[in-house]
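The values are calculated or read from the model by the stated rules, or taken from the named source; none is laboratory data. As the structure is a computational prediction, the values presented were derived from the model and not from experiment. Here the Cβ is made from the backbone with ideal geometry for all residues, glycine too, and neighbour counts use every protein chain on show.
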Amino acid sequence: MTLPDTTQTTGRWPAGASRVGAGVTPFQTDAEATIRLAVGAEELGYARFGTAEGWTNDAVVMLTQIAGVTSRIGLVTAVLPVWSRTPAAIAMAAAGLQRASEGRFALGLGASSPPLVEGLHGLTWDQPVGRMRATLVAVRALLGGARLPLDRRGVRALRLGAPPEQPVPIILAALAPASVRLAGELADQWLPFLWARSRLADGRALLVEGEALAEVPAATGLTASVPLAIGEDEAAARQIAAGWLLAYLTRMGPLYPRMLRDHFGFADEVDALLGANEGGGPPQLPSAAEGLAREVTVMGSYDEAPDAVRAWLEAGADEIDLVLPLGLPEEQLHEMLEAAAPAAAPRGGEQSSSSAEVSSPRPCGGRTASGRAQADGSRFSLALEAMALAHAAPFHEMGYRVSCPYRDRQLALLLLAHSGSRLCSTVQLLRRLTPWRHAL
């Protein structure tokens, strides 16, 4: 068997670009709200937007929808479980997302957790590090144009028929030491979640150990995925932080409690938090657990949010992804993104890459008429529907049904402005497409 090339992708977030991203949890059920949050994050200058896959929405479908209504923000599966798809299915999805986003996609993978793998997928959660290694090696090979690495007699290994034209960076979510070393060896970036801020240097040391094992040693980026727990005042922020911690201490299997108790030494804080919430009701963060919350979340008032985010970058993270909490009104989530947005300003005082006047740091570019003409009509349907709110007549004349899936007229018009197309040019395009519209 010919071993595949496992060399890491050289792409990184460029110097001068924003170092702060945003995303949603695997618990998020409102797909339309997620799309609107991604659009808002792009307008606010965030570097990337991530969707996690658990037992609600398919992350690949979700990001494909987001790719259709954004043009500059990076898109990440943060993360996709290595158990839910074969390596070939993961590679094909990644290649498709890289094409759909025109070069803005990064593939985040992780081992997930026993409750999800066994309770939803019906598989045995066994030897997760081995599973991640095999998946990373196979996905990297397929995305690079090589054949699937197989050691099976009588079977001809295949390669992707449509590999991505632009490399797909691979990000690995990992917490156990062996998994973090694996990220250093095979991944382009390491994505820790609920990792203590004061222990980032420990994680970096594990990455270095893994990098030494790589075929071509290269530095692995460190993108901290951190629960966002900010509010109008300290009381609101503390309640959000307590909700985050309780969810991962009681609902996501033994990994997070063991890591926080034993690896990071927060046993007393964990016990205090659980004890304070034994009776139910709104989550409470006792003073004895405040140190834990400040170590593993971004906690503070809206005014304190930018400095709280920057503290993670100053502690050694190359980038930080702010994960929005579950169970809050969508309007409040937009407020949280806005409050933390000043921290997303590019390093060095340069203008944000998400500004319309600056080209994207990653090869994405604008959608062209020819690119739209190759689509089946849904590729640009959201922009058309937004325009139709005020200019329905030309579309009706050409036989297009006019509707808008968004309840918020203002947001729909924002999508229109964001598309970069003027009504007249779009109408002209549609007049050219109309003769073959029904043949697609």
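Within segment 36-58, work out how many residues are at pLDDT 95 or above, closer than 22 Å to W244 by Cα and either aliphatic (A, V, I, L, M) or touching a Phe, Trp or Tyr at 6+ places or on another chain (Cβ under 7 Å) (or both). Final tally of qualifying residues: 3. Looking across L75, L123, one residue alone is under 22 Å from the mean Cα position of the chain (by Cα) and either within 21 Å of E53 (Cα to Cα) or crowded, with 22+ Cβ neighbours inside 10 Å (or both). It is L75. Answer yes or no: is there a residue in segment 192-200 that is under 30 Å from L285 (Cβ atoms), of a type in the set (D, E, K, R) and either modelled with pLDDT under 95 or assigned by TED's automatic domain parsing to the domain that holds L80 (or both). Checked against the condition, which is being under 30 Å from L285 (Cβ atoms), of a type in the set (D, E, K, R) and either modelled with pLDDT under 95 or assigned by TED's automatic domain parsing to the domain that holds L80 (or both), segment 192-200 yields at least one hit. A single member of L158, L116 is in the same structural domain as Q189 (by TED's automatic domain parsing) and within 17 Å of A52 (Cα to Cα), and it is L116. Looking across R261, R238, one residue alone is of a type in the set (K, R), crowded, with 19+ Cβ neighbours inside 10 Å, out of contact with any His (no Cβ under 9 Å at 6 or more places or on another chain) and not assigned by TED's automatic domain parsing to the domain that holds A339. It is R238. What do you reckon, is G68 modelled with pLDDT of 95 or more, part of a helix (DSSP H, G or I), in the same structural domain as L228 (by TED's automatic domain parsing) and in contact with a His (Cβ under 7 Å, 6 or more places away or on another chain)? So G68 fails the test. Checking D30 against (1) modelled with pLDDT under 95; (2) more than 13 Å from the chain's Cα centre (by Cα); (3) surrounded by 20 or more Cβ atoms within 10 Å (Cβ to Cβ), only one condition comes out false. Which one? That leaves (3) as the condition not met. With respect to the stated conditions, G154 is among the small types (G, A, S) and free of Cβ contacts under 8 Å to residues at least 24 places away in the same chain.
Residue check: is G291 under 25 Å from A174 (Cβ atoms), touching a residue at least 24 places away in the same chain (Cβ under 8 Å) and either crowded, with 17+ Cβ neighbours inside 10 Å or in the same structural domain as S198 (by TED's automatic domain parsing) (or both)? No, not satisfied.
Residues considered: L142, L136. Of these, the only one that is part of a helix (DSSP H, G or I), closer than 29 Å to P26 by Cα and in contact with a Lys or Arg (Cβ under 8 Å, 6 or more places away or on another chain) is L142.
Among the residues of segment 318-346, those identified as in contact with a strand residue (DSSP E or B) (Cβ under 7 Å, 6 or more places away or on another chain) and more than 18 Å from A241 (Cα to Cα) are D318, E319, A343, A344.
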